[in-house]
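I have placed the structure first, in the form of structure tokens, so that the comments after it can refer back to it.
The values are calculated or read from the model by the stated rules, or taken from the named source; none is laboratory data. Since the structure is predicted, the reported quantities are computational estimates derived from the model, not experimental observations. Cβ placement follows ideal geometry from the backbone for every residue including glycine, while neighbour counts extend to all protein chains displayed.
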Amino acid sequence: MLMKTQTIDMQTTNSKINDGPLLRRTAYERIEALLNTGALTPGQIVSQRELVELTDSTLGSVREAVSRLEAEGLLQTLPKRGLMVPSLDITFVRNAYELRKLIEVGTLERSAAAIPKSTVESWIKQHEELLEQITDEQDKAIFEVIQELDWTMHSKIVGAGKNALVDNVYRITAIKIRMAVQSRIQVTPFNGHRVINEHLSFLRPLAAGNLELCRMKLEQHINNSLTLALGGTI
């Protein structure tokens with residue numbers, strides 16, 4: 001009977017040990033989702049207890065997730081006040097976009113060789129269909145579809161290079177880009193047309209194997225996005 005009890009206790013202990021990394025990862029991913037969706041906004045101050053409630057996680061797992069998020073520049077500790085989502089000053093926005101450009105343009109040749117032509121053609125078709133659906137009225141639903149396609153496609157292009165270190169840096173950078181987009185770029189029919197046409201300007205050369213033109217148009221697209229995020233016009 002004693003051996004059976006010891007076995008059960010050992011199984012419980014092992015389960016808790018195994019659950020540790022899972023709980024930490026879950027807490028991190030849920031806070032990441034709050035940043036990605038704009039539920040946590042630039043300049044907002046939040047406590048660890050509030051993050052526990054928002055993520056339905058344990059305090060210990062949130063504390064460990066916060067340490068990682070601080071190291072990545074996605075949260076800042078304010079003594080005696082709590083945690084702050086970084087404010088979107090000019091340096092923050094510019095640095096995020098410049099790093100994005102270095103990664104996307106720098107890895108394009110390797111990624112282009114790994115992406116099936118059928119995938120690129122599918123992206124082109126999706127963009128062309130969305131272009132026909134945009135009207136002069138602000139249709140929030142269609143713009144959300146465009147934005148999701150935008151982020152997913154760029155991420156898959158970088159991910160095609162299969163470099164885990166690059167992927168992780170790009171993921172963190174993409175969170176910062178999303179924070180800037182949600183806070184600084186107003187969704188309009190113009191922006192919808194702009195994003196789709198700029199995507200098509202580098203997707204079509206990518207499908208045709210014209211990497212030089214693809215690279216030039218991709219860089220121009222990111223530069224335009226940075227200009228708008230900084231409050232400029234194109």
Residue pairs meeting the criteria (Cβ under 8 Å; at least 6 apart or on separate chains; first of a type outside the set (A, V, I, L, M, F, W, C), in region 219-230; second modelled with pLDDT of 95 or more and assigned to a loop (DSSP other than H, G, I, E, B)): none
Filter result for LYS162 (assigned by TED's automatic domain parsing to the domain that holds ILE196, outside any helix (DSSP H, G or I) and either of a type in the set (Lys, Arg) or touching a strand residue (DSSP E or B) at 6+ places or on another chain (Cβ under 7 Å) (or both)): yes
Enumeration of residues in region 28-77 that are among the aliphatic types (A, V, I, L, M) and not in a helix (DSSP H, G or I): ALA39, LEU40, ILE45, VAL46, LEU74, LEU75
Yes/no for ARG100 being closer than 17 Å to ASN223 by Cα, within 19 Å of the chain's Cα centre (by Cα), touching a residue at least 24 places away in the same chain (Cβ under 8 Å) and exposed (fewer than 15 other Cβ atoms within 10 Å of the Cβ): no
Some residue of region 174-191 being surrounded by fewer than 15 Cβ atoms within 10 Å (Cβ to Cβ), touching a Gly at 6+ places or on another chain (Cβ under 9 Å) and in a helix (DSSP H, G or I): yes
Of residues in region 143-173 being hydroxyl-bearing (Ser, Thr, Tyr) and surrounded by fewer than 18 Cβ atoms within 10 Å (Cβ to Cβ), the one nearest to HIS193 (Cα to Cα): THR152
Count of residues meeting criterion [assigned to a helix (DSSP H, G or I), modelled with pLDDT under 90 and of a type outside the set (A, V, I, L, M)] in region 195-234: 0
Number of the condition not met by PRO116 [criteria: (1) more than 25 Å from ILE31 (Cα to Cα); (2) touching a residue at least 60 places away in the same chain (Cβ under 8 Å); (3) not basic (Lys, Arg)]: (2)
Residues satisfying the stated conditions in region 75-133, i.e. modelled with pLDDT under 90 and in contact with a Ser or Thr (Cβ under 8 Å, 6 or more places away or on another chain): LEU88
Whichever residue in region 209-220 is surrounded by 14 or more Cβ atoms within 10 Å (Cβ to Cβ) and under 15 Å from GLY106 (Cβ atoms) and, among such residues, is farthest from the chain's Cα centre (by Cα): LEU211
